[in-house]
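Peer 1: Take this structure, written in structure tokens, and hold onto it; I'll ask about it next.
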Amino acid sequence: MTSPDNASTPGARLAANRAWAWAAADRLEGKRSLVATVYRMLGANRDLYYAACCDQDHPMRVLEAYFAQLSRDELDERVPLQTAWLAKWADRLTAALELLAESVRTAPNELAGNVPASAGAGSVTNLRLLYVTDLHGDVDAYAELPALCSKHDAWTIVCGGDMLPMGRDMYAAQREFLSRELPECLDRCASKGITFFGLFGNDDLRGVHDIWLDLVRSKRGVYDLAQQWHTLPGGFTIRGCSWVPDYCFGLKDWCLRDSPEATPVFTSGRSIVTSSDGVAEISDPAAFFASRPTLEEHLNSLVEPGISMERAVLVSHAPPANLDLGTLWSGEDVGSKSVHAWITRQQPMLTLSGHIHESPDVGLALHGQPRQTAKLGRTTCHQPGQVLPGELTYSIVELEAGGEVRIDWRRMALGA
């Protein structure tokens with residue numbers, strides 16, 4: 001594991017300190033002690049991370065030194081601590097814990113792990129993240145993610161949907177991926193202090209969604225974007241939307257009508273939804289979609305008091321319409337009008353999308369340059385597309401304290 005002292009940049013030092021805290025908390029086996037609570041606090045409080053990374057006298061260093069001297073049996077509480085040795089550390093530990101507790105006294109909600117801070121809270125810093133979408137279970141692509149984070153000094157991964165493999169037996173393939181390949185990737189990320197924000201897309205079966213949520217609950221630094229708003233370093237907030245407008249394909253797990261006026265799209269063959277109980281056929285598409293909210297209604301439900309759109313990121317698997325971000329090779333724009341309208345009204349700092357793999361290359365063919373980023377009012381809208389297998393599309397996104405968004409759109413060969 002990288003030492004915070006040996007990491008070369010503030011972001012790398014933050015990630016290394018985070019990895020150490022997670023590993024130490026794992027060694028405590030999740031026991032609800034005061035020290036374990038401090039580790040949970042560190043997982044949510046970006047200011048403590050930066051302070052601990054940069055200050056050799058920070059109280060977190062006392063805890064690190066204390067645990068570094070314990071044997072494995074002592075860490076696992078198989079043997080008692082030596083009384084004299086514990087007495088030697090007692091005053092230093094007490095003082096360090098009091099200082100740490102005082103430093104978060106004014107923001108107790110952050111102890112819960114994922115509760116967003118109020119607008120403007122925390123240090124004013126930039127954030128660099130790695131954005132990928134539509135990986136569809138490509139093992140080679142997932143294997144590259146930790147190295148790409150190190151290469152670009154981006155210690156947060158955001159995955160914009162369609163995380164899981166397809167194939168003739170999608171249930172089996174996706175269960176297998178969620179039980180083996182994805183946990184292995186998440187463990188590699190955690191060992192480097194990399195946080196992973198994931199989102200299901202239209203090709204990720206709802207029937208395996210609970211397996212993904214179990215991973216979110218059990219793995220360090222793994223978050224589901226669709227459940228709630230999350231706070232990122234720098235005071236930025238992020239949330240996701242898995243839903244897409246109804247389309248001509250049969251799998252309707254994450255499909256909604258785009259607006260109340262929309263009607264079900266004709267599907268050749270049967271339309272289905274999945275659950276943990278298996279596959280169910282949709283016999284009456286009109287009734288089925290009438291029983292669900294529209295995408296417009298769902299997006300409106302995401303707006304919450306205390307979430308400042310000036311520093312908010314929406315990850316919508318469906319790209320907005322009318323911005324050349326959802327264009328098929330046929331030239332048809334299948335982006336969401338509701339997503340476009342929501343962005344126009346709410347004006348978040350950034351939206352990240354996916355779904356339509358070929359859209360940037362359609363822009364290249366039609367206009368002479370890829371179309372993967374557009375502006376809608378003050379909002380930057382980005383949809384990088386995807387060209388897997390064999391080549392990975394990804395983006396390095398930097399959010400600046402002053403409100404600027406910088407995006408470096410890249411492609412790399414896999415397996416070279």
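Peer 1: For region 127-413, what is the charge dipole size about the Cα centre, in debye to the nearest 20, if Lys and Arg each add +1 at the Cβ and Asp and Glu each add -1 at the Cβ?
Peer 2: Dipole of region 127-413, to the nearest 20 debye: 620 debye.
Peer 1: Within 10 Å of each residue's Cβ, count the other Cβ atoms and sort ARG180, ARG411, ARG128 from fewest upward. Let's see the in-between values first.
Peer 2: Numbers: ARG180 11, ARG411 14, ARG128 21.
With the fewest neighbours first, ARG180, ARG411, ARG128 line up as ARG180, ARG411, ARG128.
Peer 1: In a shell of Cβ-Cβ distance under 9 Å around MET349, excluding MET349 itself, what net charge do Lys and Arg (+1) and Asp and Glu (-1) give?
Peer 2: On the way: positive: ARG311, ARG378; negative: GLU310.
Net charge around MET349: +1.
Peer 1: Same structure again: Residues in region 339-359 near a label at GLU332, defined as backbone nitrogen under 17 Å from the 7 Å Cα→Cβ point?
Peer 2: The answer is 355-359, whose backbone nitrogens lie closer than 17 Å to the label point.
Peer 1: Going Cα to Cα from LYS375, which lysines come in below 19 Å? Please leave out same-chain ones fewer than 8 positions away.
Peer 2: Partners within reach: LYS337.
Peer 1: Return the percentage of antiparallel bridges among DSSP beta bridges fully within region 127-413, rounded to the nearest 5 %. Numbers along the way, then the final one.
Peer 2: Values: 25 of 49 bridges.
Around 50 percent antiparallel, to the nearest 5.
Peer 1: Can you list residues whose amide H is under 5 Å from ASN126's amide H, if they're 5+ apart or on another chain and H is modeled 1.01 Å from N?
Peer 2: The answer is ALA401.
Peer 1: Among all the lysines, which ones have a C-alpha under 25 Å from LYS219's C-alpha, if same-chain residues fewer than 8 places away are not counted?
Peer 2: Result set, ordered by chain and number: LYS31, LYS151, LYS192.
Peer 1: Counting only residues 5 or more places away or on other chains, whose amide H sits under 5 Å from the amide H of GLY137 once H atoms are built in the peptide plane?
Peer 2: LEU164
Peer 1: Arranged by the count of other C-beta atoms within 10 angstrom, fewest first, what order do ASP203, ASP73 take? Walk me through the intermediate numbers first.
Peer 2: Working: ASP203 23, ASP73 10.
The fewest-first ordering by Cβ neighbours comes to ASP73, ASP203.
Peer 1: Measure of size requested: the Rg and Dmax of region 127-413, with Cα atoms as the atom set and Å as the unit; please supply both.
Peer 2: Calculated on Cα positions, Rg and Dmax stand at 17.8, 52 Å.
Bear in mind these aren't lab numbers, they're just calculated from the coordinates by the rules spelled out. Computed from a predicted model, the values in this text were never measured in an experiment. We place every Cβ from the backbone using ideal geometry, glycine too, and count neighbours over all the protein chains shown.
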